[in-house]
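The values are calculated or read from the model by the stated rules, or taken from the named source; none is laboratory data. On a predicted model such as this, the values are computed, not experimentally measured, just so you know. Cβ placement follows ideal geometry from the backbone for every residue including glycine, while neighbour counts extend to all protein chains displayed.
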Amino acid sequence: MDGLSKKNDKLEVAEEEEVDPRIQGELEKLNQSTDAINRQETELEEARQKFRTVLVEATVKLDEAGKKVGKAVDDSKPYWEARRVTRLAQLEAQKATQDFQRATEVLRAAKETIALAEQRLLEDEERQFDSAWQEMLNHATQRVMEAEQTKTRSELLHKDTAMKYNAAMSRMKQLEKKLKRAINKSKPYFELKGKYYLQLEQLKKNVDELQAKLSAAKGQYKAALKNLEMISDEIHERRRSNMMGPRGRGVGAEGNENSLEDLSSLKTESDELSMTSEIFEDDNCGSPVSEDLESQPEFRLSSCPPSPLDLPTPFPPGNRPPSLELLSPVSECAMDSPILGPRSECSGASSPECEAEKGDGAEGVEHEKDKLITQQSVDEVTLEIRVTQISVKCTEPKEKRISETEISELAQ
């Protein structure tokens, strides 16, 4: 129940949040774009319908006029075509003339600016030719050069269009003299055709303008939709993060806590074991004989004393005292048996000291080889003396004592 109440509270808080002001602005843009699209589509459809109506009307009326005129339409077509070309050439020539006049005016104004600047500079003797004055003159000079280039280009274009216009005009006059009768007869038809042609051109231009406006309105509508989508994603992400809140305890959290406690206890036990192994290794490293034996495992067999079967003993195997069995050299040597290997060679050795001892033994093999060879004989003598002492201790009790001659024989 507490979880449901908290969730309901969060939902109420989310509903009571203030509306992002950007949403209102984008919605207004969206509504305006929608109205513009609807209006432009309506106007475009009306303009297209009007264009089709005028086109059909022109076709019908021109057919009727052509039937009235008859063959004169085809005979006078070259003249009316030449007249159309002449009209286009005239328009191009007029435009070129205007461009040439404009370039001439710009060039004249730029030259006057330079002349006025030079005159003021010469009249005022105290004026210094500073950087600002130089920059103004450079700008005026650049304008003069650009105006000269524009004037030259406009002049060439004007000459070309004038030549075309003169050629078209001369051809039109020739055809007018040649086809004067057919021209007069077909004049109503071509005048009506020209009238509809201009009307259709105007309607087509209006259709193109409305289509461009419709495309712009659709672009604004798409932009508003995209902005609203981005704002909606931001709001949903913010609400989702607020509703999730802090992450609670998952399923099986109690078992995880117990396992963590077990892991911590195991860690402490492993630390204690590692400390014990370090102390044991420090004790073993104190004796030079054991260090040499661990660093050179291949000499352990030679350093171990021979087995009791090889040594002469005054007791048969059945009458041997139990103390002699316990203190046998074989049992002492078995603690360092090459079958198991030393601690540093074990696969389970994981303490840093063992790794260090392995490294030290590997590095000191070449340096201590001669020393171990010379010390081998000393170790054998020492171990034989120990065996002798053990044998003496074992033979002193109740049954029989070994004589000094037998001890010397055992030592030999």
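Could you identify the single residue in Ser154, Ser186 that is under 18 Å from Gln94 (Cβ atoms), part of a helix (DSSP H, G or I) and among the small types (Gly, Ala, Ser)?
Ser154
Got a sec? Which of Arg120, Arg143, Arg171 is more than 59 Å from the chain's Cα centre (by Cα) and either free of Cβ contacts under 8 Å to residues at least 60 places away in the same chain or outside the structural domain of Ser76 (by TED's automatic domain parsing) (or both)?
Arg120
(1) in contact with a His (Cβ under 7 Å, 6 or more places away or on another chain); (2) at pLDDT below 90: which one isn't true of Ser76, the others all being true?
(1)
Out of all the residues in the range 198-232, which are touching a helix residue (DSSP H, G or I) at 6+ places or on another chain (Cβ under 8 Å) and either hydroxyl-bearing (Ser, Thr, Tyr) or farther than 25 Å from Glu41 by Cα (or both)?
Tyr221, Ile231
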